[in-house]
Protein chains: 4
Amino acid sequence: MNFCSDNVAGIAPEIMAAIEKANQGAMPSYGADAITARVEQRLSEIFEREVAAFPVVTGTSANALALSTLTPPYGAIYCHPEAHIMVDECGAPELYTGGAKLVPIAGAGGKLSAGAVADALDNARAGDVHHVQPAAISLTQASECGTAYTATEVAAIGEIARHHKVKLHMDGARFANAVAHLNVSPAQMTWQAGVDVLSFGATKNGALAAEVVVFFDKALAETFGFRRKRAGHLISKMRFVSAQLDAYFENDLWLTLARHANAMAQRLVGGLKPIPGVQLLHPVEANEIFIRLPLEIVAGLRKAGFDFYDWPGAAPGTIRLVTSFATAAKDVEAFIQTANKLVKVAS
Amino acid sequence: MNFCSDNVAGIAPEIMAAIEKANQGAMPSYGADAITARVEQRLSEIFEREVAAFPVVTGTSANALALSTLTPPYGAIYCHPEAHIMVDECGAPELYTGGAKLVPIAGAGGKLSAGAVADALDNARAGDVHHVQPAAISLTQASECGTAYTATEVAAIGEIARHHKVKLHMDGARFANAVAHLNVSPAQMTWQAGVDVLSFGATKNGALAAEVVVFFDKALAETFGFRRKRAGHLISKMRFVSAQLDAYFENDLWLTLARHANAMAQRLVGGLKPIPGVQLLHPVEANEIFIRLPLEIVAGLRKAGFDFYDWPGAAPGTIRLVTSFATAAKDVEAFIQTANKLVKVAS
Amino acid sequence: MNFCSDNVAGIAPEIMAAIEKANQGAMPSYGADAITARVEQRLSEIFEREVAAFPVVTGTSANALALSTLTPPYGAIYCHPEAHIMVDECGAPELYTGGAKLVPIAGAGGKLSAGAVADALDNARAGDVHHVQPAAISLTQASECGTAYTATEVAAIGEIARHHKVKLHMDGARFANAVAHLNVSPAQMTWQAGVDVLSFGATKNGALAAEVVVFFDKALAETFGFRRKRAGHLISKMRFVSAQLDAYFENDLWLTLARHANAMAQRLVGGLKPIPGVQLLHPVEANEIFIRLPLEIVAGLRKAGFDFYDWPGAAPGTIRLVTSFATAAKDVEAFIQTANKLVKVAS
Amino acid sequence: MNFCSDNVAGIAPEIMAAIEKANQGAMPSYGADAITARVEQRLSEIFEREVAAFPVVTGTSANALALSTLTPPYGAIYCHPEAHIMVDECGAPELYTGGAKLVPIAGAGGKLSAGAVADALDNARAGDVHHVQPAAISLTQASECGTAYTATEVAAIGEIARHHKVKLHMDGARFANAVAHLNVSPAQMTWQAGVDVLSFGATKNGALAAEVVVFFDKALAETFGFRRKRAGHLISKMRFVSAQLDAYFENDLWLTLARHANAMAQRLVGGLKPIPGVQLLHPVEANEIFIRLPLEIVAGLRKAGFDFYDWPGAAPGTIRLVTSFATAAKDVEAFIQTANKLVKVAS
């Protein structure tokens, strides 16, 4: 019973079926196939606007390649200190941007506040050759803390971006979970709030390996094809990546899968909160729970066969629990029951 | 009936079955799974030596990341002017090496000759700060012209590499086809001939998207894990890439598939050579045929529904025909018969 | 009367004379001349150890090129948030390291504390491919706040560097001012305290354009020559850069010039501190004063013809005053008298 | 008596005087001084057009930074196989462009022909993501072989550049020698012939260390200031670099110095050509002579105290002789007399 990450899960059946179905005879390579074209069309419908869409196979490449279209090599990209692009990509944004600088802006709950972003940009010394130049802001939706920006919060940052003539990127590795939680339209959450480009994730939510970079401003996409190829991220048998996305977007499967993951997280946190001494670090607004439990309960859960991560840099007993499209309700119930039993033993 | 490339084919049944089989419950991500470990073990057996192996999903990333471990940013990498790394990767080696220079060395049939390599290295001004410094040689096996280096030819270049203290890389996007053609052991073709690192391809030969970088000198591999992650090429659900490779290496599937592709190429060229006016550009030693046909035959074949590429930079009527694991014998026969019928019509 | 920066000053007479003297007939280019060799010899004497020394013409290139020898492109360099390499070089370290990340560690008075450095390195997740890897620490001596690390403070950080197997770089754009202030030997301040490489500045202290990168561990210097040339920082008529350094080191001119600058700063701050309402931001341990004065005094000084910078990000009335080898005692006195007169007018 | 290179010479007296004159009191740093402004003004006059001009201190940085404004990181820059940017800059263009590819186009006498350039661009597969994209052409004027492009030859290439929408760069390390030889206006030789940006050299022609990048299309210059700073090439005491250029352009000193160097080369080659067995490799159209002499004469000249380089990759006895602004007529005469005496001895 694995609550380590949503990437320990396998492939959703609908997506696996789509891969199999795509395996029929010869098809043009490198994205010239009909399935890839259909994915772009589906995204234009989902976002209620014509978009340019580029499938890739990892979230790191989606983010770093997207950012590389937004900044010169001497640019600054503003993000949260705990952002995936800052902490967990081993310097990928620096590689793909040719050395741009990621500038941290602190914020509660893994989110940037419009005020802090405005301060940072006001003090960025734009135009002065001694300093890296403001180029982009990157938000993570849902955030690294399992929280979600409201559309209004995004729009406030989008406003600042426009004012300072910088671009707005959204790392949507868990975009589905955020949209499912907030119950807003994808358009409201993105370009209507000022987002220029979105890394739209599918891998964590049921795909084998599929993400798609969505440009709402098609002019920004002009160099993307070259950048993707040059990075070795243009998949030759693209139809099999696109087939995953095609199934992901068909009949709102992406939202169905995310709603399940979110519901499992809500059930899980609901069952844990009543435990005496429990401390919830952040509101649960997607499929991640950051929670502090008594140490003996943490140990007991592990002994009972539950897998999860201790959270680095936090107080002892702080763990992260991640649910996914594949999380079984019975495993969640078992987790809650085991935790509660351990409480009684301890008390 | 598509002879455009081996990447227009789909997935071999054994490989698709392995992907499905891997889709069972939770499994550690980022390559910490048992399937990935088994792939490395299989490669150590295939090459009769302990190797370090890193799965990736494209040949371009395999090549460029491998080269990035062999050269400083001010290094020179020697290769054929038509090498994939030189011509077809939109500058990926330059990106991943931080700006190293690819230096072309001309050679017949898409192959480097030991003499020309020795000349280039003798004149490379090693140690002089004004010039990029010799760092690596890269061979393509099978070559871009569909020819294969013999083990002796590789060893002669390996000798020069050792003498000049540069590393030897082999781009083996079609390694299986070369090994199948030459009937040598993988060990003889690689480290026993001086190869330090191999990009071992599977995608063109039946995988969905799977290549593996094989280091024979494990010390060279030390930085690879970081470089792969930083490039966004560490797949989170790695088990599904490794499962492809696992099936590819089981029971020598890789050779079985390549032998079929090679046999189809031999049958095809055998049926075309007798046509009057035909000119074969290179010996067929893998699964690619570069051939010049009368223009009306080329046009007639296209009209009859056969797909293939005109070869850029060559005389009119020069086309490339590529066979694959999936090429049907009946399609090859149809191609030959159609071509021969067109001859009669023309004459 | 300009107190804006030490780089608004001209060239010290001894250094100008050396340039003229070097302008005699033909001399080998690119550093193969006798003057360049003598500079390296002088530095070996000054540091009581055989060093490898490379003249360049800017502090930014000295720092960024030095750092590029200490880190892989996926490395982390720890420094103060206000460090020149972090704030004032428009991303030069990122360019020359191929995308390494500068990680800020806060500290009072522009200095890193050993404790904070140890914490950062303990939490750096060395060996984990998802994160940039600890590679180097960079100190600024004298710091951006005009303070100086004691040899003991440097040694404590050097100890941590050794323990974590990372390298220690010192940005010594104002190294002369720090050494003059502390009255320690150059050896004590550097390699004896664990410093691996020093950017030794001369430009701010009387040269036309001359800095020298000094490697105490000569093995680290092996790639420097190539990196300098590749950056366009190998000066063809090197003798004229080396001549500046040669004069700078002859008869301890570097210390004589720095002592003058430091003495002027002490006189200046001594004359300003008694003014009511004055607030000194940092102790004055080199040639820079960060001080807050009543706004009308600041305005009055400017009106009287004194040039200096308002300090960005600080409270209104906070200014920076920089003295140099060329600062005239009479100008310092004039500044003090003017300020004091303005006090009386105001009161 | 040194004929190795024009960079073994010192500083022209007028330029040295200008440096001394600039050494008066405080002056704004980083190019905000009046001398730097005057240099740009002078260049606008020389080129009969408003230009944007950026002083730097090396030819390599001038070239590589200029090119970095003309190409994306996945771009191709076309140049002669012997171009300085291709052979002698240790990969600087690759560094500053973020990995663009230099594509060699062979041509007689160190010059590109319009026909060969057109062929290369016609076959560049613009728009195809698999290939680096045509971005710029770079000419060297005077060329690495001591020849000069006529304005007509440049214009023919400029026409092709415009047609293919790529930019045209001129490496003018010896621009003065070419202009002096051809007796055309600087405007005719550059922007009127389609040149977008010029690396205008002074160092080889009498400066201490000064080159200036001249943009005829000011829009291309927008990012240059950031790129120069980020490369560590923004000199803090800029007035001393600009002072060199100011003197260089005053009263056409640049042409006066170049005419002397060219005249010395003409006298030298005129005195050597009559020697039996002599072979002149290229017409002498600047200040470089590539000549093959009998081996015993080469040896005898060296024995008599003349310094020069054997030319790598050429037949034995092939040497390069370079004259400069500082070459003394008596040294040229001595060279000729010695060579002729050696002939008599030999015969």
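Some observations on this one:
- Test: residue in the stretch C:101-108 that is closer than 15 Å to C:F215 by Cα and in contact with a strand residue (DSSP E or B) (Cβ under 7 Å, 6 or more places away or on another chain): no
- The stretch B:151-193, subset of a type in the set (G, A, S) and open to solvent by 10 Å² or more (accessible area, probe 1.4 Å), residue nearest to the chain's Cα centre (by Cα): B:A173
- As for the stretch D:6-14, it holds no residue that is within 30 Å of C:N2 (Cβ to Cβ), away from every other protein chain (no Cβ under 13 Å) and more than 17 Å from the chain's Cα centre (by Cα).
- Scan of the stretch A:212-250 for residues that are of a type in the set (F, W, Y) and in contact (Cβ under 8 Å) with a residue 40 or more places away in the chain, ordered by number: A:F215, A:F216, A:F224, A:F240, A:Y248, A:F249
- Qualifying positions in the stretch B:194-208 - buried (at least 24 other Cβ atoms within 10 Å of the Cβ) and in a loop (DSSP other than H, G, I, E, B): B:V195, B:D196, B:A202, B:G206, B:A207, B:L208
- Residue match in the stretch C:110-131 (condition: modelled with pLDDT of 95 or more, in a helix (DSSP H, G or I) and within 24 Å of C:G201 (Cβ to Cβ)): yes
- Filter result for D:N2 (farther than 17 Å from D:M238 by Cα and within 13 Å of chain C (Cβ to nearest Cβ)): yes
- Listed conditions (1) over 16 Å from the mean Cα position of the chain (by Cα); (2) at pLDDT 95 or above; (3) of a type outside the set (V, I, T) are all met by C:A258, apart from (1).
- Complete set of residues in the stretch C:299-317 that are open to solvent by less than 30 Å² (accessible area, probe 1.4 Å), in contact with a strand residue (DSSP E or B) (Cβ under 6 Å, 6 or more places away or on another chain) and under 28 Å from C:T203 (Cβ atoms): C:F308
- Identity of the residue in the stretch A:15-25, of a type outside the set (V, I, T) and at negative phi, that ends up farthest from the other protein chains (Cβ to nearest Cβ): A:A18
- The condition of being farther than 27 Å from B:F200 by Cβ and either at pLDDT below 95 or part of a loop (DSSP other than H, G, I, E, B) (or both) does not hold for B:P283.
- When the stretch C:77-96 is filtered for residues that are within 9 Å of chain A (Cβ to nearest Cβ) and in contact with a strand residue (DSSP E or B) (Cβ under 7 Å, 6 or more places away or on another chain), the ones remaining, listed by number, are C:M86, C:G91, C:P93, C:E94.
- Filter result for D:S61 (within 8 Å of another protein chain (Cβ to nearest Cβ) and either open to solvent by 10 Å² or more (accessible area, probe 1.4 Å) or not basic (K, R) (or both)): yes
- Checked against (1) within 14 Å of chain C (Cβ to nearest Cβ); (2) touching a His at 6+ places or on another chain (Cβ under 8 Å); (3) open to solvent by less than 10 Å² (accessible area, probe 1.4 Å), D:G110 passes all but condition (1).
- Residue within the stretch D:65-85 that is in contact with a Lys or Arg (Cβ under 6 Å, 6 or more places away or on another chain), closer than 29 Å to A:A231 by Cβ and among the polar types (S, T, N, Q) present: yes
- Unique residue being among the charged types (D, E, K, R), touching a residue at least 24 places away in the same chain (Cβ under 8 Å), closer than 25 Å to C:V179 by Cα and outside any strand (DSSP E or B) when the list is C:E40, C:E82, C:E45: C:E82
- Flag if C:P28 is more than 22 Å from C:V322 (Cα to Cα), open to solvent by less than 50 Å² (accessible area, probe 1.4 Å), touching a helix residue (DSSP H, G or I) at 6+ places or on another chain (Cβ under 8 Å) and within 14 Å of chain D (Cβ to nearest Cβ): no
- In the set B:A286, B:A299, B:A326, only one residue is within 14 Å of another protein chain (Cβ to nearest Cβ) and aliphatic (A, V, I, L, M); that residue is B:A326.
- Just one of the numbered conditions (1) outside any loop (DSSP other than H, G, I, E, B); (2) more than 14 Å from chain D (Cβ to nearest Cβ); (3) of a type outside the set (S, T, N, Q) is not true of C:K165: (1).
- Qualifying residue in the stretch C:218-239 (condition: more than 14 Å from chain D (Cβ to nearest Cβ), crowded, with 24+ Cβ neighbours inside 10 Å and touching a strand residue (DSSP E or B) at 6+ places or on another chain (Cβ under 7 Å)): no
- For the stretch D:67-79, the set of residues classified as under 12 Å from D:E94 (Cα atoms) and touching an Asp or Glu at 6+ places or on another chain (Cβ under 9 Å) consists of D:P73, D:Y74, listed by residue number.
Yes or no, residue by residue, for (1) surrounded by fewer than 19 Cβ atoms within 10 Å (Cβ to Cβ); (2) touching a Cys at 6+ places or on another chain (Cβ under 9 Å); (3) at pLDDT below 95; (4) part of a helix (DSSP H, G or I):
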| site | (1), (2), (3), (4) |
| --- | --- |
| A:L253 | no, no, no, yes |
| A:M264 | no, no, no, yes |
| A:R267 | yes, no, no, yes |
| A:I275 | yes, no, yes, no |
| A:I291 | no, no, no, no |
| A:I319 | no, no, no, no |
| A:T327 | no, no, no, no |
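- First in the stretch A:131-144 and within 27 Å of C:E82 (Cβ to Cβ) and of a type in the set (S, T, Y), second anywhere and open to solvent by less than 10 Å² (accessible area, probe 1.4 Å) and assigned to a loop (DSSP other than H, G, I, E, B), Cβ under 7 Å, 6 or more apart: A:S138/A:A83
- The listed residue being under 15 Å from the mean Cα position of the chain (by Cα) and open to solvent by less than 20 Å² (accessible area, probe 1.4 Å), out of D:L102, D:L67, D:L95: D:L67
The values are calculated or read from the model by the stated rules, or taken from the named source; none is laboratory data. All values reported here derive from a predicted model rather than from experimental measurement. All Cβ positions, even for glycine, are placed from backbone atoms using ideal geometry, and neighbour counts span all protein chains on display. Protein only, heavy atoms only, side chains kept; ligands, DNA and RNA dropped before computing areas. Shrake-Rupley method; radii C 1.70, N 1.55, O 1.52, S 1.80 Å.
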